[in-house]
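Below is one structure, written out as structure tokens; the observations come after it.
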Amino acid sequence: MATSRSTPILTQPSSYHPPPPPARPKISYGNRDRFSPSLADEESSPMGTVGFELTVFGLDHQNPDSARDHLVRVLNDLRNQHTFPPVNVRRGDATSALDYAFISLSSSVSGPRPDLLEDLRLLLNTLPDLRATWRLCNGPDRTRRVFFAFPSDGEAQSMLNPLREWFRAQRMSIMAERTTHPPSTSQTRLSFDLFNGDDRYGHDVIVGSWVELEDDVYCAVLRDWPSTQAFLHDNQNGLPTDWFLYGVSIGKPTLLFSFNTQGAPPNLVSRPMPFSTSENVIQPQLDYFRSEFGQFTSTLNTMFDRISQAEQRLEQNNQTLLGMMSAQYLLSDYRMNLLLLTNEQDRLNAQCDRYQDQLAATSDLPTRQHLQAALGCANDRRSIVTAEIEQVRKETQAMHLSLAAHDHLALPISPSPVLSPPPVSTSDAPPSSTPPSHPSRVRSCSPDDVGESRGMPRPRLQSVSDS
């Protein structure tokens with residue numbers, strides 16, 4: 001059964017007089033001089049203490065306060081034997097159980113004094129299982145962080161459990177994990193902070209790493225030459241197969257200058273066939289497939305061209321058919337207008353003949369003046385109707401010619417109707433049995449009939465260009 005322990009109190013010196021600052025502080029910046037630039041865009045807000053704090057690793061991590069309490073106890077023990085300035089201790093995170101905490105100088109120490117923190121850092125590094133380094137960036141420590149980028153939140157969540165199982169299979173303990181959305185990209189990033197595992201090469205054996213040659217070659221800079229020799233000797237037959245998933249085959253590690261002079265080492269899992277055999281067997285097949293693919297591509301392009309041409313012709317025919325259908329409807333309107341105008345012309349001719357008969361039969365001066373005025377009005381209207389009839393006939397003929405231009409799609413042209421004047425019947429005079437000797441001669445008609453003719457609704461005429 002676990003018992004709760006009280007939070008220790010950091011002991012501060014009763015009086016402290018810092019030594020004068022050295023002319024040039026002997027600050028060691030560590031051996032990590034190359035970091036991936038994509039790791040720094042998750043937390044970019046500056047802090048005033050960045051560069052003036054120490055990060056101490058290897059502390060207890062049962063709960064979020066364990067690392068801070070452990071470091072306070074260590075500092076209290078050191079103060080009984082050594083002299084160092086008053087300091088402040090902060091935990092690494094308020095919600096995650098981390099194995100590190102931060103140390104900064106107390107506000108009672110005037111001015112930035114990195115030389116004092118450097119002496120404390122060297123003192124802490126003499127203790128077993130602890131490692132103190134300068135804190136170079138704000139936020140949680142990212143020197144043991146790995147991350148995986150995904151295009152969406154759904155894919156990231158689907159890979160969360162498989163990644164946890166993979167870390168567990170590799171005997172890597174996860175200290176903290178988080179899901180972020182870096183503002184510089186549209187990706188979803190899963191980040192894992194790992195504890196330091198059992199490393200036979202010591203702490204921070206890899207100083208920096210990156211990929212080259214379009215992500216086909218992984219390059220790593222090791223801490224020193226003895227570590228490099230030990231790593232190459234242990235993996236001279238290739239990296240352990242349990243390091244990789246899905247049967248991925250990886251070549252054995254080699255020195256960078258050997259890779260640059262000799263090229264990539266052979267793959268140990270699937271060695272290629274001898275050059276002569278593979279060339280004789282595979283190359284003819286590749287040539288055949290390349291030829292077949294070229295013919296298929298050519299045939300496909302030809303088919304696409306023909307389909308495009310057929311679509312263009314179909315579109316043109318559709319436009320032509322629509323125009324012809326519109327023209328046919330317009331022709332029907334023209335014929336209706338022509339019929340109405342012809343009927344009006346026949347009625348005006350009959351009225352003029354009646355007015356002339358009435359003028360010949362009367363000698364009364366007022367009556368003759370009235371009939372002559374009505375006859376003049378009828379003649380004027382008959383001239384207008386005659387001109388409109390000629391205009392409609394011209395437009396109808398032009399429409400027929402336009403349809404005839406599309407001989408491959410033209411609809412049959414119906415012949416123009418032969419309109420004959422209907423028999424004239426009047427209420428005040430019987431129809432004449434013989435035609436008048438002068439058809440163009442105007443006869444008398446009543447003014448009321450002329451007014452009725454002028455008030456008759458007339459259809460609007462449109463030319464071919466209006467359609």
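The values are calculated or read from the model by the stated rules, or taken from the named source; none is laboratory data. As the structure is a prediction and not an experimental result, all values here were calculated from the model. With ideal geometry, Cβ positions are generated from the backbone for all residues, glycine too; neighbour counts draw on all protein chains shown. Calculation scope for accessible area: heavy atoms of the full protein, side chains included, ligands and nucleic acids excluded. Shrake-Rupley method; radii C 1.70, N 1.55, O 1.52, S 1.80 Å.
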- Could you run through region 55-102 and say how many residues are without any contact (Cβ under 8 Å) to a residue 40 or more places away in the chain, part of a loop (DSSP other than H, G, I, E, B) and buried (at least 21 other Cβ atoms within 10 Å of the Cβ)? 0
- State which residue is nearest to the chain's Cα centre (by Cα) when the search covers only region 160-190 and only residues that are hydroxyl-bearing (Ser, Thr, Tyr) and in a strand (DSSP E or B). 188
- Among residues of region 283-337, those that are open to solvent by 100 Å² or more (accessible area, probe 1.4 Å) and either aromatic (Phe, Trp, Tyr) or in contact with a Ser or Thr (Cβ under 8 Å, 6 or more places away or on another chain) (or both), counted: 6
- Query: If you take the residues in region 338-348 that are open to solvent by less than 50 Å² (accessible area, probe 1.4 Å) and among the aliphatic types (A, V, I, L, M), which one is nearest to the chain's Cα centre (by Cα)?
  - Reply: 338
- Message: Here's a check for you: in region 169-223, which residue that is modelled with pLDDT of 85 or more and of a type in the set (D, E, K, R) is surrounded by the most Cβ atoms within 10 Å (Cβ to Cβ)?
- Response: 193
- Note on the structure: Here the qualifying pairs (Cβ atoms under 8 Å; residues six or more apart or on different chains; first in region 153-180 and under 23 Å from residue 143 (Cα atoms) and touching a residue at least 60 places away in the same chain (Cβ under 8 Å); second charged (D, E, K, R) and open to solvent by 70 Å² or more (accessible area, probe 1.4 Å)) come out as 169/242; 170/242
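Residues checked against (1) at pLDDT 85 or above; (2) not hydrophobic (A, V, I, L, M, F, W, C):
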{"site": "268", "(1), (2)": "no, no"}
{"site": "306", "(1), (2)": "yes, yes"}
{"site": "324", "(1), (2)": "no, no"}
{"site": "332", "(1), (2)": "yes, yes"}
{"site": "340", "(1), (2)": "yes, no"}
{"site": "351", "(1), (2)": "yes, yes"}
{"site": "358", "(1), (2)": "yes, yes"}
- Task: For region 134-154, name all the residues that are more than 24 Å from residue 208 (Cβ to Cβ) and surrounded by 14 or more Cβ atoms within 10 Å (Cβ to Cβ).
- Result: 150
